[in-house]
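Here the structure comes first, spelled out in structure tokens, and everything after it is commentary.
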Amino acid sequence: MGYLSDLFWNASMEEIKQGYMFEQECEAYVCLICGKRYEKGIIYKEEEVFYEAEKYVRRHIANDHTSMLDFLLGLDKKWTGLTDLQRTLLNFFQMGLSDQEIVNQLDGGSTSTIRNHRFTLREKMKQAKAFLSIMELVEEKSHSKSRYIHIHDSPSLLDERHSITVQENEEILNTYFKEGLQGPLTEFPKKEKRKIVILRHLTQFFDVQKSYSEKEVNAILMERLDDYVTLRRYLIEYGFMDREPDGSKYWVKSKRND
């Protein structure tokens, strides 16, 4: 079989094994092999017997497709990675034949060879589980890296042009905090996105529930960069911090949402 639908590939392992899935949008049970749908709540009749939808899709798979195992074993090698011999052996295994009976069916070989094939296929199953887990973790990590970070809720100079992904945020921080994220800045960047990332990060050194004097703000920022005046000015300008008109109190305007 050279084609499998997106429905099949989007199904879970359990759904593939049972041969159907439930689609919430249309409230129907769908056969993963042929795509036939059986709507939940409708009663289906066959030979004077009435079946609810899920029971009927199971009968459909058994009657029209024999079984999911037969269907999967019949897939092209590019989908399963199985050789013709391995498919044949798996079919014998599911039939419950002993190693000697399989040797007789093959008209040659030895029981030790069949045992080796069983071992190899079980190892293949373990590798497939490990590989599937790795790929799912990679996909999750990749997805998280493409998410956009929340800057802050206060109106400021920021707009959609300054959207920053998680990955961009990490790369910029690692570039300018070479001694670690709790250490000093190597320099304050000129590019807007980089400024925003640095300023956002600097707010973590302040307690959002606390107000600070200008002297206290200067002391905290001086640990990050000698030019603390520039950092303080941009924190206000870009809306990360606010202050009293007379400069007697400073505070973080909104709590960061990581």
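If you scan the stretch 6-34, which residues turn out to be touching a Phe, Trp or Tyr at 6+ places or on another chain (Cβ under 9 Å) and in a loop (DSSP other than H, G, I, E, B)?
Result: Ala11, Gly19, Leu32, Ile33.
Quick one: is Met21 out of contact with any His (no Cβ under 8 Å at 6 or more places or on another chain) and closer than 25 Å to Glu123 by Cα?
Answer is no for this residue.
Restricting to the stretch 81-124, give me the number of residues that are of a type outside the set (A, V, I, L, M, F, W, C) and outside any helix (DSSP H, G or I).
8
Restricting the stretch 114-153 to residues that are farther than 21 Å from Thr165 by Cβ and polar (S, T, N, Q), which is modelled with the lowest pLDDT?
The qualifying residue modelled with the lowest pLDDT is Ser133.
Restricting to the stretch 159-190, name every residue that is β-branched (Val, Ile, Thr) and at pLDDT 90 or above. So that I can check it myself, show each step before the final result.
If we filter the stretch 159-190 for residues that are β-branched (Val, Ile, Thr), which is where we start, we get 164-166, 172, 175, 186.
Within the stretch 159-190, Ile172, Thr175, Thr186 qualify.
Take the stretch 18-60 and flag every residue that is touching an Asp or Glu at 6+ places or on another chain (Cβ under 9 Å) and either within 17 Å of Asp70 (Cα to Cα) or of a type in the set (Phe, Trp, Tyr) (or both). Quick ask: steps written out before the conclusion?
Going through the stretch 18-60, the residues touching an Asp or Glu at 6+ places or on another chain (Cβ under 9 Å) turn out to be 20-22, 26-34, 36-44, 53, 56, 59.
Once the filter is applied, which keeps residues that are touching an Asp or Glu at 6+ places or on another chain (Cβ under 9 Å) and either within 17 Å of Asp70 (Cα to Cα) or of a type in the set (Phe, Trp, Tyr) (or both), the stretch 18-60 yields Tyr20, Phe22, Tyr29, Cys31, Leu32, Ile33, Cys34, Tyr38, Tyr44, Tyr56, Arg59.
Checking Lys36 against (1) in contact with a helix residue (DSSP H, G or I) (Cβ under 9 Å, 6 or more places away or on another chain); (2) at pLDDT 95 or above, which single condition isn't satisfied?
All conditions pass for Lys36, except number (2).
Restricting to the stretch 188-201, give me the number of residues that are surrounded by 11 or more Cβ atoms within 10 Å (Cβ to Cβ) and not in a helix (DSSP H, G or I). Quick ask: steps written out before the conclusion?
If we filter the stretch 188-201 for residues that are surrounded by 11 or more Cβ atoms within 10 Å (Cβ to Cβ), which is where we start, we get 188-189, 192-201.
Now narrow it down to the ones that are not in a helix (DSSP H, G or I): 188-189.
Here the count works out to 2.
I'd like the full set of residues that are touching a residue at least 40 places away in the same chain (Cβ under 8 Å) and in a helix (DSSP H, G or I), limited to the stretch 202-216.
Result: Thr203, Gln204.
Could you check how many residues of the stretch 217-231 are assigned to a helix (DSSP H, G or I) and touching a residue at least 12 places away in the same chain (Cβ under 8 Å)?
Number of matching residues: 6.
The values are calculated or read from the model by the stated rules, or taken from the named source; none is laboratory data. Fair warning: this is a prediction, and the values are worked out from it, not measured in the lab. As a convention, Cβ positions derive from the backbone with ideal geometry for all residues, glycine included, and neighbour counts pool all protein chains shown.
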